[in-house]
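Novice: One structure is given below, represented as structure tokens, and several questions about it will come after.
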Amino acid sequence: GWKTWMETTEEYVVDSKLTFSELVVPTTDSVRNTYLLDLLLMKNNHILMVGETGTGKTVNIAQYLSGASKSCGNPIGAHVMPYTMTFSAQTSANMTQDMLDGRIDKRKRGVFGPPAGKKLAVYVDDLNMPKRETYGAQPPIEILRQWFDQAGWYDRSGMLELRNIVDLLFIGSMGPPGGGR
């Protein structure tokens, strides 16, 4: 016979070793979102989660990337290196590029990425927070867009050559536009 989706999930048991502030009780929405994260990331899809403040976007993504979330069949594997960065109004394009460059290595001439056989899952929290410049662009987002458009960005030190950056997965979360975002 038919079973409801909730009948197929495991009962939540509180880990007595955790402090109150570390507890994250799964809800229907958080389990659903974690399941979607798992499906999309295992197929190497980039993800953008948009929702109001307090809906658990950051907590669910951070918990998933840390491997702490067991609500899916296969949480983030050993082949994925998670990295979290939070954008603010003061985040610059150079800061963004430097943070990401610090996580990748040279593989061969002009090609950079995480260690061979690994993917770097970059979680960008508050994606829409950087301050707009005179012409309406948000430079930290533009450096990410350059990767999406050209598979890399320019090396600012030296010859200004385009660095081909491979094996990145981006996960972004943001509140709905408006209210300074």
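The values are calculated or read from the model by the stated rules, or taken from the named source; none is laboratory data. Nothing here was measured: the structure is a model prediction, and the numbers come from that model. Neighbour counts run over all protein chains shown; Cβ positions are idealised from the backbone, glycine included. Calculation scope for accessible area: heavy atoms of the full protein, side chains included, ligands and nucleic acids excluded. Shrake-Rupley method; radii C 1.70, N 1.55, O 1.52, S 1.80 Å.
Novice: Among the aspartates and glutamates, which have Cα under 13 Å from the Cα of residue 43 when same-chain residues fewer than 8 positions away are ignored?
Specialist: Those aspartates and glutamates meeting the cut-off are 167.
Novice: Within the chain, what is the longest stretch that has no GluC sites (Glu not before Pro) placed in a DSSP loop and near at most 14 other beta-carbon atoms within 10 Å?
Specialist: Values: sites that count: 10, 11, 52, 133, 161.
That would be 53-132.
Novice: Going by accessible area, probe 1.4 Å, with all protein chains left in place, what is the ranking of 6, 174, 129, 85, largest first?
Specialist: 6, 129, 174, 85
Novice: A follow-up question, please. Can you give me the accessible area per residue for the chain, using a 1.4 Å probe, in Å²?
Specialist: Values: 11260 Å² over 181 residues.
Normalised by residue count, the accessible surface of the chain is 62 Å².
Novice: Give me the percent of the accessible area of the chain that comes from carbon and sulfur atoms, probe 1.4 Å, all protein chains in place.
Specialist: 55 percent
Novice: Using r as the Cβ-Cβ distance of residue 23 and residue 86, and R0 as 22 Å, what FRET efficiency do you calculate, to the nearest 0.05?
Specialist: Working: r = 22 Å, r/R0 = 1.00.
Once rounded, the FRET efficiency stands at 0.50.
Novice: Sorted from largest down, what three extents in whole angstroms do the Cα atoms of the chain have along their principal axes?
Specialist: 63, 41, 36
Novice: Explain nothing, just the number: dipole magnitude of the chain about its Cα centre with +1 on each Lys and Arg Cβ and -1 on each Asp and Glu Cβ, in debye rounded to the nearest 20. List each step's numbers first, then the result.
Specialist: Working: 19 positive and 19 negative charges, 109 e Å.
For this selection, approximately 520 debye.
Novice: Same structure again: Would you work out the charge dipole size for region 89-181 about its Cα centre, treating the Cβ of every Lys and Arg as +1 and the Cβ of every Asp and Glu as -1, and quote it to the nearest 20 debye?
Specialist: Details: 13 positive and 11 negative charges, 50 e Å.
Dipole of region 89-181, to the nearest 20 debye: 240 debye.
Novice: Any idea what the dipole of region 1-74 comes to, in debye rounded to 20, about its Cα centre with Lys/Arg Cβ at +1 and Asp/Glu Cβ at -1?
Specialist: Numbers: 6 positive and 8 negative charges, 43 e Å.
For this selection, approximately 200 debye.
Novice: Determine the order of 160, 18, 41 by accessible area, beginning with the largest, at a probe radius of 1.4 Å. Don't jump to the answer; show the numbers that get you there.
Specialist: Numbers: 160 105, 18 75, 41 10 Å².
The most accessible residue leads, giving 160, 18, 41.
Novice: Got a sec? Charge dipole of the chain, +1 on Cβ for Lys and Arg, -1 for Asp and Glu; which of 173, 45, 65 is way out at the positive end?
Specialist: Of the candidates, 45 comes out farthest on the positive side.
Novice: Cut-off 10 angstrom, C-alpha nodes, Gaussian network model of the chain. Which of 106, 17, 43 fluctuates the most?
Specialist: So, out of 106, 17, 43, the one fluctuating most is 17.
Novice: Determine the calculated [θ] at 222 nm for the chain from helices alone, applying -39500 (n - 2.57) to every DSSP H run no shorter than 4 residues and normalising by the residue count; nearest 500 deg cm²/dmol.
Specialist: Working: 4 runs with 46 residues, N = 181.
So the calculated ellipticity at 222 nm is -8000 deg cm²/dmol.
Novice: In addition: When the Cα centres of region 89-163 and region 1-39 are compared, how far apart do they sit, in Å?
Specialist: 34 Å
Novice: Could you order 16, 88, 66 so the one with the most accessible surface comes first? Probe is 1.4 Å. Working shown, then result.
Specialist: On the way: 16 110, 88 45, 66 85 Å².
Heavy-atom accessible area, descending, gives 16, 66, 88.
Novice: Considering Cα pairs under 8 angstrom that are at least six residues apart, work out the relative contact order of the chain and quote it in whole percent.
Specialist: Numbers: 248 pairs, mean separation 43.2, N = 181.
Value for the chain: 24 percent.
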